[in-house]
Amino acid sequence: MSEPLEPLDPAVQAALDVEHDFPVPPPEVLGRLASRFEATMTASAPEVPVEGGAGSSAAAPSAVTKLAMSKVAIGVVSAVVGAVGGAQLQKHLGAPREVVVERRVKVEVPVRVEVPVRVEVPVVEPVEGSPPPGKTERAPRAPAVRLENERLLIERATVALARGDFEAALESCTLHQAGSPSGQLSEERESLAIRSLAGLGRMPEARRRADQFRQRWPSSLLLDVIDEAVR
Amino acid sequence: MSARAQAFTSAYREHLGWMLRTVRRLGVVPTDQEDVAHDVFSTAWRKLDTWEPDRPMRPWLFGIAFRVVSNRRAARSGKEELVEAFDDRHGGLPRPDEVLEGEAVRKQVLQALETLPFEQRAMFIGHDIDRTPIPELARALDLPLNTAYSRLRLGRQRFQTAWDALSRGHTLSKEVST
């Protein structure tokens, strides 16, 4: 039997999380790939098993075999027709000429340009005399902007964790918690915060948050990583 | 069109982006990634009878990607491609405009991946990056379970060594990467 694997080094684990979340390629790239493949699908049928189960494949020739047999038959007929026809033609035309067929294929080389942009996420401190929360006159931020800000903080925390800078990772998690306590990326934030706390040796705090995590997201895929961190 | 083909055509689109990332992680140079991804899907289409619709599609596609890239490396002399890939994608320190730290981390992950033998690399990518369960991955790569574990363990060790070296600012030499 295979023994369970040792947990990965926390910095490596965090780096692999960053790689796992690699951004989706631009829609035009995906569209181009889909178009090419759909053309292939249209032009060729897949090899499908003969209906009736695995046993019937031994009795009846498979689709590939049939295709190969039909190709052989076509080849034989073509050869006979070609030989007879060629002999007749040669009588009339004399010596055969050599014909070179050149096929030009246009190849498009995709070029992807990525312009990295650092976006600072502002931390708004409450100012004395300012309207209480909920009474602000500013329009609420669009969901897309909120999510982007969340994502940046989570990425910053993940990268800091990958460097082994647990303080910085925890700080980004705290910022995220302050700005989006129930944000869409709360699950990731809590996972990162727990691992950062464990990295800082603050195990009781890490375990307490791990218990809360388990109650809130009992079927989370991140539970394994969290359990390893607080073990 | 068979039910299996219908299921495939309605599901493959959600894996396009992941496939481009996968061939990148398997060491295909950027200019060839779309072509190789297309080859993988075309092969998958031809080999549709090997797909079990009640199982997840990704591990099956991953197994095909592994074989397509492996054959390609063998045909092109893997070493040349390795060096070419290394120079093209990762050469030297991060450029000044690579200010987003996530990019630098991803780059370092690719650099460390380059040091793994291809079979270990596939296990490492499939399990530690894609988070595919080992039995599922072993099945997709036609490996005995113990071999899959063994490759993953060895891959992890090599990756950790490379990661530590890169984190200390070392450059990986060709000796390290073979």
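The residue that is farthest from the chain's Cα centre (by Cα), among those in segment B:120-138 that are assigned to a helix (DSSP H, G or I) and farther than 18 Å from B:Val28 by Cα, is B:Pro135. Among the residues of segment A:208-231, those that are in contact (Cβ under 8 Å) with a residue 12 or more places away in the chain and surrounded by 15 or more Cβ atoms within 10 Å (Cβ to Cβ) comprise A:Arg209, A:Ala210, A:Phe213, A:Trp217, A:Ser220, A:Leu222, A:Val225, A:Ile226, A:Glu228, A:Ala229, A:Val230.
In summary, helices (runs of 4 or more DSSP H) completely within segment B:45-119 and bearing 3 or more residues that are within 14 Å of chain A (Cβ to nearest Cβ), over 18 Å from the mean Cα position of the chain (by Cα) and modelled with pLDDT of 50 or more occur at B:101-113.
When residues of segment A:175-189 are filtered for being without any contact (Cβ under 8 Å) to a residue 24 or more places away in the chain and in contact with a helix residue (DSSP H, G or I) (Cβ under 9 Å, 6 or more places away or on another chain), how many remain? Let's see the steps before the verdict.
The initial filter retains those residues of segment A:175-189 that are without any contact (Cβ under 8 Å) to a residue 24 or more places away in the chain, namely A:177, A:181-182, A:186.
Those still in the list that are in contact with a helix residue (DSSP H, G or I) (Cβ under 9 Å, 6 or more places away or on another chain) too: A:177, A:186.
Of the residues in that region, 2 qualify.
Selection over segment A:167-207 of residues that are surrounded by 19 or more Cβ atoms within 10 Å (Cβ to Cβ), in a helix (DSSP H, G or I) and of a type outside the set (Ser, Thr, Tyr) gives a count of 15. In segment A:9-38, the qualifying residues are those that are within 7 Å of chain B (Cβ to nearest Cβ) and part of a loop (DSSP other than H, G, I, E, B), and the one that is nearest to A:Leu197 (Cα to Cα) is A:Asp9. Set side by side, the residues B:Glu136, B:Glu103, B:Glu119 differ, and just one is of a type in the set (Asp, Glu), more than 26 Å from B:Trp60 (Cβ to Cβ) and out of contact with any strand residue (DSSP E or B) (no Cβ under 6 Å at 6 or more places or on another chain), which is B:Glu103.
The values are calculated or read from the model by the stated rules, or taken from the named source; none is laboratory data. In this text the structure is predicted, and so the values were computed from the model without any measurement. Note that we place each Cβ from the backbone using ideal geometry, even for glycine, and neighbour counts take in every protein chain shown.
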